[in-house]
Amino acid sequence: MNVVSPIQARAGVLGPDAGIAILDCDIHPRARSLADFRPYMTERWWNYLQTYGLRARHGFNKGYVFPKAQPLACRVDSWPAEGGPGSDLDLLRAQCLDECNIAHGILNPLGIGQGDQNNGLSAAMAFAVNEWQVEAFCRPEPRLRASVVVPYEDGAASAAEIRRRAGDPNFAHVLLMSRTAEPLGNPRYWPIYEAAEEAGLPIGIHVFGYSGWALTNGGWPSFYIEEMTEHATSCQALVVSMIVEGVFERFPKLKVVMIESGLGWIPALGWRLDKHWKHLKAEVPHLTRAPSEYLKEHFWVSTQPMEEPEAASHLLDVMEWLGQDRILFATDYPHWDFDDPRTALPATLTAAQRRAILGGNARAVYGFL
Amino acid sequence: MPPAPPPAFPLPRPLALPPGAIDCDLHPTVPDMRALLPHLEPLWRDTAVERGIDAIESNAYPPGAPITARADWRGADGRAATTLAALQSQALDRWNVATGILNPLFGVQLVFNEDMAAAFARALNDWTRAEWLDRDPRLRASIVVPMHNPEHAVEEIERCAPDRRFVQVLLLCMGETPLGRRHWWPVYAAAIRHGLPVGIHAGSAYRHPVTSVGWPSWYLEDYAAQSQGFQSQLASLVTEGAFAKFPDLRVVLLESGVTWLPGFLWRFGKFWKGVRSEVPWVDRHPAEIVRHHVRLTVQPLDAPEGPGTDPDTVRRALDHLRSDAMLLWASDYPHWQFDGDDIVPAGIPADLLRRIAVDNPRATYPRLDPASSLLGRPTGTDAPPAGTHAAPAPPPHQASIPGSPAHGAALPGATIQGARP
Amino acid sequence: MPAGATPPGTPPTPARAVATRHVVAATDEIPPGGRKLVAIGGRDILVFNLAGEFFAIANRCPHNGGSLCAGRTTGLVQSSEPGRYHYSRQGEIIRCPWHNWEFDIRTGRSVIDPRRIKVRAFPAEVASGAALQAETFPVQVEGEYVVVEA
């Protein structure tokens, strides 16, 4: 009889994935407290933050619009001795990088003022968060890369922040949230795309954020499970917007990675857009190709949360329609709907497909290593 | 001006409809407010005139937009389906449709004054009855209800339901609050009481932007966003427990698109497995619930189409539904979903066509074929099925329905057997 | 090979013709509401004390391999109709720390699909030290022990 520790160390036990340099495009770091950002903030904004807090575009100064399934929406086993999940680099290393054999991981900080009601505070936070990611995570842990967090409701300030980080190899992509005040194809956001394209950085769009509008186009739902399902609808709207507004005609080199959006909806959205564009194309003469072609050329999608159809083969159909080369692995560590690279992908993928999804596809998009 | 006559030599029909075909989504067009005036009560008739309310036209279907009416179906005024003759020659006669269900989209849902909205809805339903149902025995219609206040909606259902040519209650897919919310439940109880499925049609009351991330710029985005509204409504109906509360509730998604459904259910089901205790009345996988209670019309299918399409892709996409009972044939006339007589979306196999054009609609709409109702309702009666909680209320406005056939009188149209003796 | 190092995807250990009895803990080592993770024959087994009754289930969540030992216990939430919550059996349901799936500690069966989705349950009982010593287990004769058959 042996007593074993609750968190099992399985490092090195990789089975068929041994030798794959896995790239995880969704890891969530957390500050131990807001004080972590203080060294990078002016007195003015630090005092403002202390006084009013972060005010997202909803009514909760503290607390959640829809309470999560687990505290902070995190794996119950991801809490370090001190601080919240994702705040302890050692535990992050142990549970995510080492445990899942992650060669490189991209940090996507959430809930730190990106879509705040106050654009000035949002810009101050974005700068501080970007400094903090590099100092607290990337320098001590070379497997990690940071996101360029931007105050996305202010296009000009966002572009300035992107240009500030351009050329810095610590940064992997520009991070936007899916729920924005206007659909992301709106020209107010184009300075972000211009700067990102210029810097050669993909745009990562992570689900969440608060648009200030009802969570569905038919009003506010009641439950957390609806908030989770509705991430896919918000992403459908923003993908449609980016395509139909002509973002990719204007920025032909722009790459967009949809993170945590799921992928089951993507082929059907392309079919729908093509069908109705055929009859409405005179309205949008700035589009020179069928909408699904922009979708295929400019978008990638992360795996987590991997859909679970009742019949597993149906997911393979969707992956085929989507293009196996468009799918990038993500754990979403330390969130509760975390995917383990060894168990999350459909078992029937070929070895080559697994290799591409776990690492190769992401390397083609991000271009580092 | 009468619509252009159909061509002397009909175009070849790629896939002919089986005998008895039911078209589940036809849109009669209210030309303008003048058409409704005779059906408005005096107060509201005078209000419409005195306040210059000459139109209620929804942005969901701008009259000039190509999707709103196929070009070759438009009359001299640019509108289509404004007359029975047009509907007959361009759709019913041409495609040998045995039964057609009218879903009027006149924008009564947009009005903010709930009393005015209710008055316009009553006028609209009476217009449908007088101008269409009374004049072609093949036609059936949906009861358009004002979804501002459930009391008004229930009253309108009670008023119209005794006329069994009304086969469905019609809602829009985007309103003020999600359709699963419990304050709407009296509407569903009333629908079930009368054996009426609840149809949810593309369109919005525009209480919210058509996307959850704000107003888009282009109509193409507005139209594309409709399928997002349907996803949200299904999530709401399931999670709030509408189907648990009303085991007999049957919902028909109209002009919703189809291919988005499986991916939505996979995501929904995955989260349900983890957080189902938040909504413990959802005691089955959401996909099972949706397959049992929800039907969808096939125009648009939103599958790949046109040259170069692998028909196997459509077959596989349909296979993801894991049911051949869910789809209902519809032309969506006069909306422009197809050209010529391609009335069956490409890739729908011939053996499925009979099911979706005849069997499934009959099973869905008890008033079309009560004998085959899948929901186990008593047939040919408005009595509530065993187990539902609500007692039927007497229809409050029954006597006041202008132009209504005598209740229970033999209805024109041989396909209907459900009238009460 | 260290305990708990079963690679994910490894097929479950085939059922043995004769299960073996294992003394996994002294009863006072697992207080009511408590749990203990033990390794028996390469399998991680989670032992619970529910108000004095002991139950043992496999530790690995059949979904994605989360370690149930790190999960929270909760009660069973059921409903007879929307808006009515029946909360019972507090502490008798274990949630996977990852995706929140619920399992009945008494049976190992999942709440979402008790027939098809379950973790393996193993017979567990309390036995006296005296009886166990007679079976040649090296235990204190005056103690009480949890025995798992696996």
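Scanning the range B:34-64 for residues that are touching an Asp or Glu at 6+ places or on another chain (Cβ under 8 Å) and surrounded by fewer than 20 Cβ atoms within 10 Å (Cβ to Cβ) gives B:R34, B:A35, B:D54, B:A55, B:N59, B:P63. Inspection of the range B:290-313 identifies no residue that is in contact with a Lys or Arg (Cβ under 6 Å, 6 or more places away or on another chain) and in a strand (DSSP E or B).
Here B:P247 fulfils each of the conditions (1) surrounded by fewer than 24 Cβ atoms within 10 Å (Cβ to Cβ); (2) touching a Phe, Trp or Tyr at 6+ places or on another chain (Cβ under 7 Å); (3) under 17 Å from B:P286 (Cα atoms) apart from (2). You will find that of A:G167, A:G185, A:G212, the residue that is of a type in the set (G, A, S), in contact (Cβ under 8 Å) with a residue 60 or more places away in the chain and more than 18 Å from B:H208 (Cα to Cα) is A:G185 and no other.
Residues that are at the interface with chain A (Cβ under 7 Å from one of its Cβ atoms) and touching a residue at least 60 places away in the same chain (Cβ under 8 Å): does the range B:271-286 have at least one? No, there is no match, as no residue in the range B:271-286 is at the interface with chain A (Cβ under 7 Å from one of its Cβ atoms) and touching a residue at least 60 places away in the same chain (Cβ under 8 Å).
Filtered by the rule that a residue be part of a strand (DSSP E or B) and within 14 Å of chain B (Cβ to nearest Cβ), the range A:169-188 gives A:L176, A:M177. Within the set A:T233, A:T229, the sole residue that is touching a strand residue (DSSP E or B) at 6+ places or on another chain (Cβ under 8 Å), buried (at least 24 other Cβ atoms within 10 Å of the Cβ), facing chain B (nearest Cβ under 7 Å) and at negative phi turns out to be A:T233.
Just one of the listed residues (B:A303, B:A224) is facing another protein chain (nearest Cβ under 7 Å), over 28 Å from C:R109 (Cα atoms) and free of Cβ contacts under 8 Å to residues at least 40 places away in the same chain, and it is B:A224.
The range C:68-141 holds no strands (runs of 3 or more DSSP E) entirely within its bounds that carry 3 or more residues that are more than 12 Å from chain B (Cβ to nearest Cβ) and buried (at least 20 other Cβ atoms within 10 Å of the Cβ). For A:L254, the criteria (1) away from chain B (no Cβ under 11 Å); (2) within 28 Å of B:D319 (Cα to Cα); (3) part of a loop (DSSP other than H, G, I, E, B) hold in every case but one, which is (2). Based on what the data block shows, is B:R295 more than 7 Å from every other protein chain (Cβ to nearest Cβ), within 18 Å of B:F230 (Cβ to Cβ), among the basic types (K, R) and surrounded by 24 or more Cβ atoms within 10 Å (Cβ to Cβ)? Answer is yes for this residue.
Pairs meeting the criteria (first residue in the range A:276-303 and within 13 Å of another protein chain (Cβ to nearest Cβ) and under 25 Å from B:R70 (Cβ atoms), second residue buried (at least 16 other Cβ atoms within 10 Å of the Cβ) and among the acidic types (D, E), beta carbons under 7 Å, at least 6 apart or on different chains) are A:A290/A:D274; A:P291/A:D274; A:S292/A:D274.
For the range A:257-275, a residue qualifies if it is facing another protein chain (nearest Cβ under 8 Å), under 22 Å from the mean Cα position of the chain (by Cα) and over 16 Å from A:T229 (Cβ atoms), and exactly one does: A:P267.
For the range A:275-369, list the helices (runs of 4 or more DSSP H) that sit wholly inside it and hold at least 2 residues that are more than 30 Å from C:W101 (Cα to Cα) and touching a helix residue (DSSP H, G or I) at 6+ places or on another chain (Cβ under 6 Å); which are they?
The helices (runs of 4 or more DSSP H) meeting that bar are A:291-298.
Of the residues making up the range C:74-132, those that are over 27 Å from C:V18 (Cβ atoms) and of a type in the set (A, V, I, L, M, F, W, C) are C:L76, C:V77, C:I93, C:I94, C:C96, C:W98, C:W101, C:V111, C:I112, C:I117.
Given the criteria surrounded by fewer than 24 Cβ atoms within 10 Å (Cβ to Cβ), at positive phi and modelled with pLDDT of 95 or more, does A:G84 qualify? Judged against the criteria, A:G84 is not a match. Residues in the range B:227-258 that are under 18 Å from B:W185 (Cβ atoms), away from chain C (no Cβ under 14 Å) and of a type in the set (D, E, K, R): B:D248, B:R250.
Filtering the range A:236-251 to residues that are more than 10 Å from chain B (Cβ to nearest Cβ), in a helix (DSSP H, G or I) and either among the polar types (S, T, N, Q) or out of contact with any strand residue (DSSP E or B) (no Cβ under 8 Å at 6 or more places or on another chain) (or both) leaves A:V247, A:F248, A:E249, A:R250.
Rundown of residues vs (1) buried (at least 24 other Cβ atoms within 10 Å of the Cβ); (2) part of a helix (DSSP H, G or I); (3) facing chain B (nearest Cβ under 7 Å), yes/no style:
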residue: A:W190; (1), (2), (3): no, yes, no
residue: A:A195; (1), (2), (3): yes, yes, no
residue: A:I205; (1), (2), (3): yes, no, no
residue: A:Y210; (1), (2), (3): no, no, no
residue: A:A214; (1), (2), (3): no, no, yes
residue: A:S222; (1), (2), (3): no, no, yes
residue: A:I225; (1), (2), (3): yes, yes, yes
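The values are calculated or read from the model by the stated rules, or taken from the named source; none is laboratory data. A quick note: this is a predicted structure, and the numbers were derived from the prediction, not measured. Don't worry about glycine lacking a Cβ; one is built from the backbone with ideal geometry, like all the others, and counts go over all protein chains shown.
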